[in-house]
């Protein structure tokens, strides 16, 4: 059963979005994107919560995967597969650079679908003051590096790094850039709770009941 979203700020039309759902889900044992939660897949839940917050929304996922959502722009990792989540971020940045009036890319991990309805608005508010910074969300004193707002100007540098160095941890790349952190500690749960293992679905059920 779908739950209505609580009231959210106006859509940030200058922001494009990217749902990252291209991982191997090795710790979960099956494709997390299609795991059901209260009648909708984690991917569907993530799309439903992200779409009202921003402009165009794309999906980083193998087009051959189940539930690859043919109605969405599908982006393959760049410059090649196997370079981790930053390959998806690069694909999103290069796609968004082709769009009119877009300045930043907001990223969403498909296995962390409980981000708040003002997630993009709060990151974008900081980006207006620091437009060349990566703005990263945190909760409980922990930064969530895939819950970030990325300036499109990073695309060329990120491509060069991936082509020269291969896979780079998201944390390591952000550490080399200008970045800022926005805390989301005003929820009765961790809004960036990450579902890595099947046993964590019980906690996901509890969080869903509080949305």
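Highest average first, the peptides 129-139, 171-181 ordered by how many other beta carbon atoms sit within 10 Å of their residues are 129-139, 171-181.
Here 120, 35, 73 are placed in order of increasing Cβ neighbour count within 10 Å, fewest first, which gives 73, 35, 120. Cβ-to-Cβ counts within 10 Å put 61, 49 in ascending order as 49, 61, the fewest first. With neighbours defined as other Cβ atoms within 10 Å of a residue's Cβ, the residues 150, 95 order from fewest to most as 95, 150. Taking only the C-alpha atoms of the chain, the Rg (one decimal) and the largest Cα-Cα distance, Dmax (whole number), read 15.9, 46 Å.
Measure out, as a whole number of angstrom, how far apart the alpha-carbon centroids of region 35-66 and region 149-211 sit. Taking the Cα centre of region 149-211 as reference, the centre of region 35-66 is 16 Å away.
Quick note: the coordinates plus some simple rules give every number you see, no bench work behind them. None of these values were measured; they are calculated from a predicted model. In this analysis, Cβ positions are derived from the backbone assuming ideal geometry, glycine residues included, and neighbour counts consider all displayed protein chains.
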